[in-house]
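Shown next, in structure tokens, is the structure this report addresses.
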Amino acid sequence: MEEAAKLPDSLDSSDRRSFLKMSAGAAAAFGLTSLSFGSGQASAMGGDATMGVDLGSGDEGILNYAYALEQLEAAFYTQAVSTPYANMAAGEMQMLSDIRDHEIVHREFFKAALGSKAIAGLTPNFGKVKFNDRESVLKTAEAFENLGVSAYNGAGKLLKNGDYLLIAGKIVSVEARHAAAIGDLLKPRTDAFAPGALDGAKNPDAVLKAAGPFVMTKIMASSLPKSNGEDEK
Amino acid sequence: MNDRTAFEQIEPELLERITARPESLGKAASVLAGVASIPLALGVLSQAVFGEGLPDQIVDVLNFALTLEHIEDDFYRAAMSHSGLIPDSDKKVFETISKHESAHVKVLMGVLGSKAAAAPNVDPTAGGMFADVFSNYQTFLALSETFEDTGVRAYKGQAGNLMSSPKLLTAALRIHSVEARHACEVRRIRGDKGWIGGSSRGTLPAAAQATYDGEDNCMQGGVDLSKLPGVTSAAASEAFDEPLSKDQVLAIVKPFLRS
């Protein structure tokens, strides 16, 4: 059911890329979209995933931006849990399953809240991740979580509606908990759970650039609200 | 905006130097560089009067945050000074948290300048209720978890009050998520999950319950999370942390403040 998970490791990244493109189309055609396409429907609303998606403008644009990131995170953990690395400890399986479930809640929340304004499901590209390797999975997870934290922290000031800001705040602290837990798995009882006194805060452009290697779908963000300050990395 | 003028002067250079950031991490050296330069950064700060131009509402929010950070800072510094309290295996964790809380105090005092409220007189034993807080590691951990989870909810509850100042809002968010990291780590050291399930205080004493009340909320922006496809009610609750009002937080920390 999950096309990307079945790819042989021997495919190089360009082969994998075209293969994923094809398999994404095939998956959509057959309705086999459980890996990454929202709740399973590759909705035509907000654009076709193969043509790219436009996040839109205003607060809705920021919510779509968050929806895009949550889609990638949910897809990543879904695969990490369904194709676990060798000898994954029970506690690690539990943790990664919990995180997967949280990211699915976040993804489904944004999809429901955005309704007809929601972008289509994205096609992830995890070709660089070795899902059979603990270090590769956990380091990717850590990178995703830290990116997510800095994305929400940087997006707060771009929101006009205080209700949305509060919701972003409710989510970002859970992403930060994930980041800490993964950091602690990689380097137990060090400072890896919280590497700085202040977390990052990145603007959407910087975040989408960092996320770029993990997504096939072109994400257009040119209409998003612009910050009038510098990017606080 | 008045506060922007004041804050522009310390952004981005100052915060950049005060803080070590995950993006620039990867290397321990940059963390150390960030920490080592705090006194330098503060030297710059202490000569400037930043609080003067801040609107009253923002001063109130920042002083509320400062009071909470003072409680945490005092608590961890005292703990670090009690040799034998924290096992060697966990020392690095609490050294890190302690350093962060000190940095938060310094950042907030720096922004508030002359408007900074006086440091409170902190009583980590809460009038004797936790008399063994610095001799019994489990008591210390329980209070640590409670303070951190409370801190997360406190910052979250104030974000909306900082919307008029994008830079201060961002600074507060950058602290807020670090408190959540602390909370997760301490919870895991205590053997709990890093996230809050329902409104459960887990193995914490009943006195901690107010810190977890309301965390079971599953209605977000008009969406009932528990009804979403593929979502369990356990995950729905864990996936969103909830805010506390200033009054709720002050009621929680009141026993730890000597009047």
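The values are calculated or read from the model by the stated rules, or taken from the named source; none is laboratory data. Bear in mind that the values here come from a model prediction, so they are computed numbers and not experimental data. Positions of Cβ are backbone-derived with ideal geometry, glycine not excepted, and every protein chain shown enters the neighbour counts. Calculation scope for accessible area: heavy atoms of the full protein, side chains included, ligands and nucleic acids excluded. Shrake-Rupley method; radii C 1.70, N 1.55, O 1.52, S 1.80 Å.
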Please go through (1) closer than 23 Å to A:Ser227 by Cβ; (2) at the interface with chain B (Cβ under 10 Å from one of its Cβ atoms) for A:Ala112 and return the number of the only condition it doesn't satisfy. (1)
Restricting to segment B:206-233, and then to whatever is open to solvent by 60 Å² or more (accessible area, probe 1.4 Å), outside any loop (DSSP other than H, G, I, E, B) and not basic (Lys, Arg), can you tell me which residue is nearest to B:Thr146 (Cα to Cα)? B:Ala207
Unique residue being part of a helix (DSSP H, G or I), open to solvent by 40 Å² or more (accessible area, probe 1.4 Å) and of a type outside the set (Val, Ile, Thr) when the list is B:Ser114, B:Ser98, B:Ser102: B:Ser114
For segment B:117-132, how many residues are free of Cβ contacts under 8 Å to residues at least 24 places away in the same chain and either in a helix (DSSP H, G or I) or of a type outside the set (Phe, Trp, Tyr) (or both)? 5
Residue list for segment B:160-200, filter: more than 19 Å from B:Ala235 (Cβ to Cβ), in a loop (DSSP other than H, G, I, E, B) and either without any contact (Cβ under 8 Å) to a residue 40 or more places away in the chain or within 11 Å of another protein chain (Cβ to nearest Cβ) (or both): B:Met163, B:Ser164, B:Ser165, B:Gly191
If a residue must be more than 7 Å from every other protein chain (Cβ to nearest Cβ) and open to solvent by 10 Å² or more (accessible area, probe 1.4 Å), how many such residues does segment A:148-157 contain? 1
Go through segment B:234-245 and give me each residue that's buried (at least 16 other Cβ atoms within 10 Å of the Cβ) and more than 10 Å from chain A (Cβ to nearest Cβ). B:Leu244
Return the total of residues in segment B:69-95 being within 14 Å of chain A (Cβ to nearest Cβ) and either assigned to a helix (DSSP H, G or I) or at pLDDT below 95 (or both). 12
Just to be sure I understand the filter: pairs with C-beta atoms under 7 Å, separated by 6 or more residues or on different chains, first member in segment B:87-116 and of a type in the set (Asp, Glu), second member assigned to a helix (DSSP H, G or I). Which pairs pass? B:Asp90/B:Ile189; B:Glu95/B:Met80; B:Glu101/B:Glu69; B:Glu101/B:Glu72; B:Glu101/B:Asp73; B:Glu101/B:Tyr76
By residue number, the members of segment B:234-253 that are closer than 16 Å to B:Gly198 by Cα, part of a helix (DSSP H, G or I) and among the small types (Gly, Ala, Ser) are B:Ala234, B:Ala235, B:Ala236, B:Ser237
Single residue of B:Ser259, B:Ser233 found to be touching a Ser or Thr at 6+ places or on another chain (Cβ under 6 Å) and modelled with pLDDT under 95: B:Ser233
Do you know which residues across segment B:154-188 are within 18 Å of the chain's Cα centre (by Cα) and surrounded by fewer than 20 Cβ atoms within 10 Å (Cβ to Cβ)? B:Gly160, B:Asn161
Report, by residue number, each residue of segment A:166-203 that is in contact with a His (Cβ under 9 Å, 6 or more places away or on another chain), at the interface with chain B (Cβ under 7 Å from one of its Cβ atoms) and touching a residue at least 40 places away in the same chain (Cβ under 8 Å). A:Ile171, A:Val174, A:Asp199
Considering only residues of segment B:201-231 that are of a type in the set (Asp, Glu) and closer than 21 Å to B:Ala251 by Cα, which is farthest from the other protein chains (Cβ to nearest Cβ)? B:Asp213
Restricting segment A:79-102 to residues that are free of Cβ contacts under 8 Å to residues at least 40 places away in the same chain and facing chain B (nearest Cβ under 8 Å), the one nearest to the chain's Cα centre (by Cα) turns out to be A:Asp101
